[in-house]
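Colleague: I am attaching a structure below and will ask some questions about it afterwards.
What follows is calculated from the coordinates using simple rules that are stated; it is not laboratory data. The structure displayed is predicted, hence computed values, not measured ones. Please note: Cβ atoms are built from the backbone with ideal geometry, for glycine as well, and neighbour counts cover all protein chains shown.
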């Protein structure tokens, strides 16, 4: 009985000793693994013009449908479809023969009316003298006066008819009413056209152009509030247009109109900007994105897009504290500015965020941060090579793993703990810090 107890006690003691040795060995192995090397950026403010983005349409300042003013057969077309014309350029000609004949006819009528008027005036003056001697009755003078006045009216009528005929003759030549680009004509030479016909052609002005876009009431109030300054003045804003392929139009716009009423079907207010169009890049009806920006940028905190990850709670970054421990921070982002996001809240200037090696860093983990120089876009960090005697030293160096003698590695990578150097080593062997932005890196896809 005592022998069985001694054996059981000895067995338990051996198990405890072996377990203690295993834990000590594991702790030694973990202590030998260096912290994961990561690249960080120290956050700072930079001048950023706050902006709002909307969907808009390009609209011509003027669009004219050219109509025939008189009826006649189309005789000639004086433009090439799609060309730009100036105001006053000749576009169409209608046959003039009939209208010239009408002008000549009314000229003759004017001459006849003037001759009759002259005769009536002579007759009136003659009878006016005779009535003084009672050679003719007063009624004759009265009739002469009425005839003279009727002759004057006939002259005026004939002159008006002549003027109308001349105007109609002028309408046989159709000129461009505005500067602009002309479309395709709807009638060919030889067709009969009249004021009741559909438009002969459409003409669209080119420079400047309007861009119209709807703004929700909520956004409009936000814009107005953001423009208010402490001294009571308003921040000047400008309009920037971006095309559907993402390229930005090089000419800024000027805000010149806000609709006085809300569109009740969409609960939006229409706004309009005017933009120069000397290169004819803007086309009437074109879809564009409109960005309202402050004319004078203000200092705002920004974070590199490469540091932002999409998490369940929203956007987050990994912050490295003073003790080099990693902390996950949920942040609220604003607009994009180059390769950065504007930070609305969640971060402070001077904090360090990880931009390289995101997949190696976990919240609560101690890391070895190195500052990344930003020249437009973040460049990969260059961590110092670790000694070859470490558990994963050959994989963290900047030189390929094959440059280190094989005998310097005390144990295969597979013998390292899953959470220690084996993990960081297998993720970096022969690759430095490339590809560290990971699939969940929000900046990597942009």
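Colleague: Along Cα→Cβ, 7 Å out, is where each label goes; now give me the distance between the ones at residue 312 and residue 95 in nm to one decimal.
Modeller: 8.4
Colleague: Give the shape of region 96-171 as rounded, prolate or oblate, defined through the alpha-carbon gyration tensor: a ≥ b ≥ c are the square roots of its eigenvalues, a/c under 1.5 means rounded, and otherwise the shape is prolate if a/b is larger than b/c and oblate if not.
Modeller: It is prolate, given that a/c is not under 1.5 and a/b is the larger ratio.
Colleague: If you stretched the chain out fully between residue 42 and residue 286, how much longer would it get, using 0.36 nm times the residue separation minus the C-alpha to C-alpha distance?
Modeller: Residue separation times 0.36 nm, minus the Cα-Cα distance, leaves 83.6 nm.
Colleague: At R0 = 41 Å, how high is the FRET efficiency between residue 255 and residue 157 if r is their beta carbon distance? Nearest 0.05 is fine.
Modeller: Values: r = 55 Å, r/R0 = 1.33.
Here the calculated transfer efficiency is 0.15.
Colleague: Obtain the nm distance between the two label points defined at residue 126 and residue 221 by a simple spin-label model: each point lies 7 Å from its Cα along the Cα-to-C-beta direction.
Modeller: My value for the distance between the label points is 9.1 nm.
Colleague: Between residue 328 and residue 175, what FRET efficiency comes out of the Förster formula 1/(1 + (r/R0)^6) with R0 = 56 Å and r the beta carbon distance, rounded to 0.05?
Modeller: The value I calculate is 0.20.
Colleague: Sort 35-44, 86-95, 239-248 by the packing proxy (mean of other Cβ within 10 Å over each peptide's residues), most packed first.
Modeller: 35-44, 86-95, 239-248
Colleague: Next up: Between residue 186 and residue 336, what is the label-point separation in nm under the 7 Å Cα-to-beta-carbon projection?
Modeller: Taking the simple label geometry, residue 336 and residue 186 are separated by 4.4 nm.
Colleague: Using 0.36 nm per residue of separation minus the Cα-Cα distance, give me the extension gain between residue 53 and residue 296 in nm, one decimal.
Modeller: Length gained, residue 53 through residue 296: 85.7 nm.
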